[in-house]
Amino acid sequence: SGLGLQTEPGDAGKYELVVVGGGMAGTGAGLSGARRGLKVALIQDRPVLGGNNSSEVRVWLHGARNQAPYPRVGDIVHELEQPRRVHAGPGNTADLYQDEKKTGLVEAEDNLAVFFNHRANAVEMDGEAIAATIAQDTKTGRRLRFKARLFADCTGDGCMGVLAGADYDMTLHGHMGRCNLWNVIE
């Protein structure tokens with residue numbers, strides 16, 4: 001290319017599961033797959049895990065978990081969750097989100113390789129199935145090809161599904177989900 005970047009992606013290896021997105025869903029999926037014996041690649045476009053529940057965004061975990069009829073759903077989230085909470089204001093500091101705890105849990109898994117600062121931005125198809133995803137290092141521009149049997153789109157915006165040609169729907173114009181968090185300090 002004119003920028004001096006590689007044109008053909010390098011080989012990141014073959015995995016059984018590639019999880020794209022290192023928020024809580026992706027981190028949980030990666031840990032669960034690895035603990036069940038799958039060779040997993042977890043691709044995260046940021047330098048930390050947790051997505052909204054990271055030091056970068058600072059939104060606390062909520063929601064029903066560990067309830068019937070699935071009493072074990074939520075065990076991994078409980079492992080990742082922080083013990084202290086400050087919901088708003090200047091007390092809601094980055095250190096409360098324990099990014100290093102999430103990273104430590106992921107890096108302790110022998111079957112899981114995490115790729116921080118990599119943005120998945122292309123897919124290769126085999127018929128109607130994803131055969132590989134291409135991720136680009138957000139700092140160096142280096143591109144890697146991740147081959148797998150299974151893929152999980154945990155991006156939060158469904159971009160892998162869109163790239164693969166899956167059907168999708170978008171929220172109507174003028175409607176926004178309840179996902180705003182503001183902290184204004186003079």
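Within the range 61-90, the only residue that satisfies the criterion of being touching a residue at least 12 places away in the same chain (Cβ under 8 Å), of a type in the set (Asp, Glu) and open to solvent by less than 60 Å² (accessible area, probe 1.4 Å) is GLU81. ARG58 falls short on exactly one of the conditions (1) of a type outside the set (S, T, N, Q); (2) on the phi > 0 side of the Ramachandran plot; (3) open to solvent by 60 Å² or more (accessible area, probe 1.4 Å); (4) at pLDDT 95 or above, and that condition is (4). Do we have any residue at all in the range 32-41 that's open to solvent by less than 20 Å² (accessible area, probe 1.4 Å) and among the hydroxyl-bearing types (Ser, Thr, Tyr)? Among the residues of the range 32-41, not one is open to solvent by less than 20 Å² (accessible area, probe 1.4 Å) and among the hydroxyl-bearing types (Ser, Thr, Tyr), which makes the answer no. Counted as qualifying within the range 1-118 are the helices (runs of 4 or more DSSP H) with 3 or more residues that are closer than 25 Å to GLY161 by Cα, among the aliphatic types (A, V, I, L, M) and under 17 Å from the mean Cα position of the chain (by Cα), namely 24-35.
Scanning the range 133-162 for residues that are open to solvent by 50 Å² or more (accessible area, probe 1.4 Å) and of a type in the set (D, E, K, R) turns up LYS139, ARG142, ARG143, LYS147, ARG149, ASP153, ASP157.
The values are calculated or read from the model by the stated rules, or taken from the named source; none is laboratory data. It should be emphasised that the depicted structure is a prediction, and the values quoted were computed from it without experimental measurement. Please note: Cβ atoms are built from the backbone with ideal geometry, for glycine as well, and neighbour counts cover all protein chains shown. These area figures cover heavy atoms from the full protein model, side chains too; ligands, DNA and RNA do not enter into them. Shrake-Rupley method; radii C 1.70, N 1.55, O 1.52, S 1.80 Å.
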